[in-house]
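To keep things clear, I will list the structure first and then write my remarks on it.
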Amino acid sequence: MTHVADAARLPMIAVEDATGATKALFETFRRQRGNVPNLFRIMAQRPPIVETLYAHMQAVMGPGEVSVLLKELVACHVSQINGCEYCLASHTKLVERLGGSAAQVEALAARDYAGFEPAWAAALAYAAEIAPTGGRVADATYARVAEQWQPAQIVELTTAATLFSYFNRFANALQIPITT
């Protein structure tokens, strides 16, 4: 199998070398994003993992009970807090494709939620508390989220925040370069 030389700690599977369900997954990424994210090219070293993780990511980050844009903002905010340049770069692009702005992402870096509607501000503050604490959230923070969101929405927001902590740690541990 051919591998692409890069600065990551593990080789990325070349897009043309993917087979089976991983090949179909890569083709979906190309249609949706115009590229295959480097994280998924590295994770493709273990096809069962990349394939199931992709399905989980789609269930969490795709259309559901919460705006896809808000979930992408959560991904950016968690990535800022966890210091993951890879995920922040990728998901800032997705925020902009969905109609959000780089200014919104910059506001998140300062934990300035004033420009967001109250429900979104509560969700972003909640995500900010989840990221660095292993998921521990103060009762007051949770109460603000629970005032604004229904249980299924809280599950979706919590899953988005924790999924990106996982992605952040994976990308940082393996020094995955930003996808261009």
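Can you find a residue that is under 24 Å from residue 178 (Cβ atoms), surrounded by 17 or more Cβ atoms within 10 Å (Cβ to Cβ), under 14 Å from the mean Cα position of the chain (by Cα) and touching a residue at least 24 places away in the same chain (Cβ under 8 Å) anywhere in region 148-159?
no
Here are some residues: 68, 137. Which one is in contact with a helix residue (DSSP H, G or I) (Cβ under 9 Å, 6 or more places away or on another chain) and farther than 26 Å from residue 36 by Cα? So that I can check it myself, show each step before the final result.
On the way: 68 fails: farther than 26 Å from residue 36 by Cα.
After ruling out the rest, the residue left standing is 137.
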Residues being modelled with pLDDT of 85 or more and part of a strand (DSSP E or B): count how many of those fall in region 1-17. 2
Just one of (1) in contact with a strand residue (DSSP E or B) (Cβ under 9 Å, 6 or more places away or on another chain); (2) free of Cβ contacts under 8 Å to residues at least 40 places away in the same chain; (3) among the hydrophobic types (A, V, I, L, M, F, W, C) trips up residue 108, so point out which. (1)
Mind listing whichever residues of region 25-60 are assigned to a helix (DSSP H, G or I), charged (D, E, K, R) and surrounded by fewer than 21 Cβ atoms within 10 Å (Cβ to Cβ)? 27, 30, 31, 33, 51
Would you confirm whether any residue within region 61-83 is surrounded by fewer than 13 Cβ atoms within 10 Å (Cβ to Cβ), closer than 22 Å to residue 175 by Cα, assigned by TED's automatic domain parsing to the domain that holds residue 150 and out of contact with any strand residue (DSSP E or B) (no Cβ under 8 Å at 6 or more places or on another chain)? yes
With criteria (1) under 14 Å from residue 71 (Cβ atoms); (2) touching a residue at least 60 places away in the same chain (Cβ under 8 Å), residue 116 comes up short on (2)
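The values are calculated or read from the model by the stated rules, or taken from the named source; none is laboratory data. Because the structure is a prediction, the values reported are computed rather than measured. Because the Cβ atoms are built from the backbone with ideal geometry, glycine has one as well, and the counts that use them run over all protein chains shown.
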